[in-house]
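Everything on this sheet refers to the single structure shown next.
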Amino acid sequence: MGFFRATLDHHQKLSEQVAFRLNALQHTTRGWQEDSAAKNQRWHLAGTYRPGRTISLRIEVEYGHGKSTLTRFYAPFDNVSLWKASGAPLGAGLANANALLGIGKRTVNTRLTFVGNDQTFHNFAQTVFSQPTAQRVNSVVLPGDWAAFDGKNPFPERASFSGPGGTSEYKQKSLGAVMEAEPFRQLFIELAAVNDLRDHDVYDTTHDVYRVLGEPGTTYREGTPNPFAGNYYVDTRWVLRRERSGGERFRLTASYQFDWGKWGRHQISALTSRDNTGNPRSVGFLVAAGSPFNAQPQNANNQLWTRRYITNPADTSQYAAPDFRRIPASFSVVTDQGAAPRTFTTAWSNNELNDQWAHTTARLGALQSYFLKDRLVATAGWRLTELASFARPTNNPNTQLASRPDSFGALRFVGEAPAPTRYDFERISFGVVGKTTRGLSVYYNYSENGQPPGSTQTLIPDGSGFPMNAGEGKDYGVMSSLFGGRVFVRTGWFTTSSVDQSSAFGASNVAGRNDRIMDVLLANNLITAAKVVRYVGGDFDLADLATKGYEVNLTGNVTPSWRVIINVAKTRSVQTNMLKRSRPAAALVMPSWQTAGAQTL
């Protein structure tokens, strides 16, 4: 483990009106896991120009670039123990499965694989592989279990199964401008605009990589000897998650302060803003281009695998899939015994492609007032939000191929964007703080809130969008200053409520389950086509949430250089009205599910 960090912070005053500031950062780290490293580069340049005493202009430019390996820590899954307990028997690569000996056999699906040990390519369709004693869901190999699994070698606690190929890389570019002015005494105005672009690429493995398997096959599918028979191995497919976020933000704020003597001091503020944001994104697989084994480019038959045989189990670094970048742009492989070599090129094929945008206009007003020589402070606020958002439907993945080598670039979309979904809502808030004595104050706050939903998820039964998530919150309490201000204690109670929160429930997927049941009932003539009920919509559903609790915070300045902070809190949340859409939808089809004929199937 270790790191290197260098920073630069430079201020330069060029004249009484012009100054600039430059900040830069270079940070690299190496973690405790194999292949774990991160690199972060940033710089920020800000320049200020003051043409007059009451006006200033500021320009800011920022750039960031970060790259790190995906060093997630997962205990390996056992996919080899039954085969080992049977003596690790070997046989031909295309032999039949033998469940008693812990030998399984793959399906007929093509499985083109790059073997990193000797940089060869093979088709592992219908080949044998090892099996565990327990099913996968119960076969996580923890350090305490490793002695029985492989007592001769240490537990691979430093292993990073995705290896050096699993990486996350982002780039950010930002340009902003701010004007601040005081055109009249006590009237302050700020006008700001910013353009922000972010690219994020994640090269990731599928969950297969966390399995430790054994190789019972002495030959490859094409009939040549497999020199790694009897060894452990890990293998995986590769996924590319790509996101291109962009935003334009404009904001105008104004505030005015005035004093009405015995009627109090007041500050009134207003804001209007406009945000245009979008984050087109895609998820794709590394494939053999040209749809050689299935018409859909992203189909599992066309996907490419990388495999590493573990020739030295004591070497933790070997428990890692070979980097996908070691696969050349084109390669040759013999896919069947006696067949001629075939040449393939590699590409990324999108499995999901989505384009989500939002245009938000907000208007805010706030008033803060001080009465009775500042012993009573009151605030009130109002907000109007107008949101228009849309998500372009997933495009036909057959048209979405990206050749290698890979680079940051635009995501391509076909078809017109759909009509936006609009949400307009108003919210208010108010609060008061009263200083009853020199060292004791009480406070009360009330606020309404709203959370516009995303536009990518839909609800059953009709695939409609999510409603507005709305709620309110209250908090109240006392604040006291003791021992001449050396101790400050705040005690507060709070309650919040929220209606129509989106949530993923274990009882969801009503639409998919209902479709399967309806198909079976229809196929067995237990229901007519006119009686079939179909639902559309995603797996998320709605619920309400209520929360209440308290918090006590104590800050004590023991000495000029020592401070003690103690915080105690308790929260209780209750979720009600769960599965608001799924429960009534299920009730409509349950009579068909529960007929005598259906129960016999």
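No lab work stands behind these numbers, since they all come straight from the coordinates. Everything quoted here is computed from the prediction, not taken from an experiment. All Cβ positions, glycine included, derive from the backbone under ideal geometry; neighbour counts span all protein chains shown.
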- Here FRET efficiency (C-beta to C-beta, Asn557 to His266, R₀ 25 Å, nearest 0.05) is 0.15
- Given the rule -39500 (n - 2.57) for each run of at least 4 DSSP H residues, summed and divided by the residues of the chain, what is its mean residue ellipticity at 222 nm, to the nearest 500 deg cm²/dmol? -2000 deg cm²/dmol
- Note on the structure: Nearest 10, in degrees from 0 to 90: the angle of helix 510-523 to the longest Cα principal axis of the chain is 40
- Message: Sorting check: for 171-184, 196-209, which peptide has the highest mean count of neighbouring beta carbons within 10 Å, and how do the rest follow?
- Response: 196-209, 171-184
- Approximate spin-label separation Arg583-Gln457, in nm, with each point projected 7 Å along Cα-to-Cβ: 1.8
- Task: Using R₀ = 35 Å, calculate the FRET efficiency as 1/(1 + (r/R₀)^6) where r is the Cβ-Cβ separation of Ala177 and Phe430; round to 0.05.
- Result: 0.55
- Counting Lys and Arg as +1 and Asp and Glu as -1 over every other residue whose Cβ sits under 14 Å from the Cβ of Met590, the net charge comes to +3
- Nearest 10 degrees, 0 to 90: what angle lies between the long axis of helix 582-593 and the longest principal axis of the chain (Cα atoms)? 30
- Starting from the Cα-Cα distance between Ala85 and Lys373, subtract it from 0.36 nm times their residue separation and give me the gain in nm to one decimal. 95.3 nm
- Options Ile527, Val489, Pro591, ranked by Cα towards positive dipole end of region 438-601, top entry (Cβ charges): Val489
- Query: Excluding Leu175 itself, what net charge comes from residues whose Cβ is under 11 Å from its Cβ, given Lys and Arg +1 and Asp and Glu -1?
  - Reply: -3
- Note on the structure: Contour minus Cα-Cα span, Met468 to Ala19, at 0.36 nm per residue, comes to 157.0 nm
- Subtract the Cα-Cα distance of Asn567 and Asn525 from 0.36 nm times their separation in residues, and report this length gain in nm to one decimal. 8.6 nm
- In terms of Cα to Cα distance under 16 Å, which lysines are near enough to Lys173, apart from those fewer than 8 places away along the same chain? Lys67
- Item | Spin-label zone in region 325-351 - amide nitrogen under 17 Å from a point set 7 Å from the Cα of Asn294 along the C-beta vector | 347-351
- Most to least packed among 425-431, 480-486 [average Cβ atoms within 10 Å]: 425-431, 480-486
- PRE reach from Thr576 (point 7 Å along Cα→Cβ): which of region 529-568 fall under 14 Å by backbone N? 543-548
- Note on the structure: For Phe425, the net charge from surrounding residues (Cβ-Cβ under 14 Å; K, R +1; D, E -1) works out to -2
- Note on the structure: From the cross-link list Lys474/Lys570; Lys84/Lys152; Lys435/Lys548; Lys373/Lys548; Lys13/Lys39; Lys39/Lys171, the entries with a Cα-Cα span beyond 23 Å are Lys435/Lys548; Lys373/Lys548; Lys13/Lys39
- So for R0 = 22 Å, FRET eff. of Ala254-Val61 from the Cβ-Cβ r, to 0.05, ends up at 0.25
- Message: Under 16 Å from a point placed 7 Å out from the Cα of His207 along the Cα-to-Cβ direction: which residues of region 69-113 have their backbone N that close?
- Response: 73-79
